[in-house]
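Worksheet: the structure to be examined is printed underneath.
The values are calculated or read from the model by the stated rules, or taken from the named source; none is laboratory data. Since we're looking at a predicted model, the values are computed, not measured. Note: ideal-geometry Cβ built from the backbone for every residue, glycine included; neighbour counts use all protein chains shown. Note: areas computed on protein heavy atoms with side chains; ligands, DNA, RNA excluded. Shrake-Rupley method; radii C 1.70, N 1.55, O 1.52, S 1.80 Å.
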Amino acid sequence: MLRFWLALGESGPATEFLATFLPSAPEGSALQALPLYLYVDRYRRAERKDAVQLQWTDEGTVRDTVLRAFAHWQAALGTGVRWPVADESHLAHALWASRQRREAAEVFAAMAPFISMQPWQSLADRPGDLLRKAMAQSYAVAG
């Protein structure tokens, strides 16, 4: 359903769908990554990228959602369940973009040696450069 609404360019119904069904998703469910796709889509569609880019650092709801997704990811790992690489990549990006670099490094490390070019290719003309920058900054903080 999320892809359907995003393909139509309608994030309102997608947001409502997530608000209705996400709370009932089981702990550790990769469904918790879905809001991260909405944030990337919001950025991708924005005319003023610089203003929307601040969503990850200035909006408390976004930061809370990112940290909640991280907690669910950790819960999944604790039970031996892995999220799809694309979902982990969205989580790593959201953590990095919201300046949760230590947590982003944890996700990057867990993903290795796999990587998804999403969301990076939706965010930059040179997605590989952005990904390398995110990884370097995250690992530098993590030590």
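Observations on the model:
- Residue in the stretch 9-32 that is open to solvent by less than 90 Å² (accessible area, probe 1.4 Å), closer than 16 Å to residue 95 by Cα and at pLDDT 85 or above present: yes
- Residue satisfying all of: in the stretch 107-143; out of contact with any Gly (no Cβ under 8 Å at 6 or more places or on another chain) and among the aromatic types (Phe, Trp, Tyr); nearest to residue 77 (Cα to Cα) among these: 108
Residues are listed down the side, and each one gets a yes or a no for (1) surrounded by 14 or more Cβ atoms within 10 Å (Cβ to Cβ); (2) among the aliphatic types (A, V, I, L, M); (3) at pLDDT 95 or above:
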site	(1), (2), (3)
76	yes, yes, yes
97	yes, yes, no
110	yes, yes, yes
121	yes, no, no
142	yes, yes, no
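- When 76, 104 are screened for being in contact with a Gly (Cβ under 8 Å, 6 or more places away or on another chain) and in a helix (DSSP H, G or I), only 76 passes.
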